[in-house]
1. Take the residues of segment 182-206 that are among the charged types (D, E, K, R) and touching a residue at least 24 places away in the same chain (Cβ under 8 Å): which is surrounded by the fewest Cβ atoms within 10 Å (Cβ to Cβ)?
2. Need a quick list: helices (runs of 4 or more DSSP H) entirely within segment 216-304 having at least 3 residues that are at pLDDT below 95.
3. Would you mind telling me which numbered condition in (1) crowded, with 23+ Cβ neighbours inside 10 Å; (2) within 29 Å of R186 (Cβ to Cβ) S273 fails?
4. Within the set of pairs 6 or more residues apart or between chains, which connect a residue that is closer than 9 Å to R91 by Cα inside segment 44-55 to a residue that is part of a helix (DSSP H, G or I) and small (G, A, S) with Cβ atoms less than 7 Å apart?
Amino acid sequence: MTPVQTYGKIRVCGTQLCSASGKPVQLRGMSSHGTQWFAHCLTGRAMDALAYDWKASVVRVATYVRRGGYQADPKKFTDIVHKVIERASARGLYVVVDWHTTQPGDPNEDFSDAKRFFQEIAQRHKHRTNVIYEIANEPNHVSWSRIKSYAEKLIPVIRSHDPDSVILVPTPAWSTFSGSEHSDERTVVGNPVAAKNIMYTFHFYARAAPKVFMDILDRASSKVPVFVTEWGIASWTGYGSDIPKAQKWIDLMAEKNISWTNWSFSDNDREHSVFKKDTCGAGTFTRSDALTPNGAWIRERIRG
């Protein structure tokens, strides 16, 4: 059985992500890189590899708002998301639809585009049981009150079409529960978003993340539902892999039953990429020699 057949329409129960029957689940999978650069790594053959060889349960599709992404051609990049949802759905995978904000740090600045994008995605895919909405990627240098206001304006846009799917809300300071701006999870936990069936996102890069970040994730996930939608073995720069530290994060997420998607399902030339450079274009997704060392390691962690 596929993950979607096994778990059904997932939902939030307490601090956990749960199956339709109410059993806690941990989804494990991959995040794409920006689709303006790496859509060729999200083909049907790539989804075959992720679903059947890697045994993943979830894929995250990263639609950059700027940097040559959505704003450059809204129809093109919305259509890419539609295609990935269809390909992943055909293989029984869950899909995180990521509105990939980095700059500007305040997601409110692109609210009209976000509203249009999520209206189109939710309206077309409202009948599906496997779509998860990540309404912004990494707010930074902006207050939690501004992020919370954005979420409480955008969530009803999605809910008007899809009332039951899980929605992922970003946290301050590059989705670190304020850790990257010298605060902690109390910023969010003490003033939660007024909405149901939501989770909060956390991001980390193992080589660069200090232990205090792990402590924040540990504490926050005991108080609110958390989904780690982006993490890497190396530093955020893409270099300097640290497998022992990454394993400690894997262990914590397993212990706390925290779902995750690793960055990134691409053939970039940095260490985060799971495929060697130019592999996606050749379509050699299931060959062992197509994987980078980090790719081989992540594949085994996804397989369990």
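The values are calculated or read from the model by the stated rules, or taken from the named source; none is laboratory data. Predicted model only: the values in this text are computed from it and were never measured. As a convention, Cβ positions derive from the backbone with ideal geometry for all residues, glycine included, and neighbour counts pool all protein chains shown.
1. Residues of segment 182-206 that are among the charged types (D, E, K, R), as a first pass: 184-186, 196.
From what's left, touching a residue at least 24 places away in the same chain (Cβ under 8 Å): 184-185, 196.
Numbers: D184: 18, E185: 26, K196: 12.
Looking at residues that are among the charged types (D, E, K, R) and touching a residue at least 24 places away in the same chain (Cβ under 8 Å), I get K196.
2. In segment 216-304, the matching helices (runs of 4 or more DSSP H) lie at 279-282.
3. (2)
4. M47/A88
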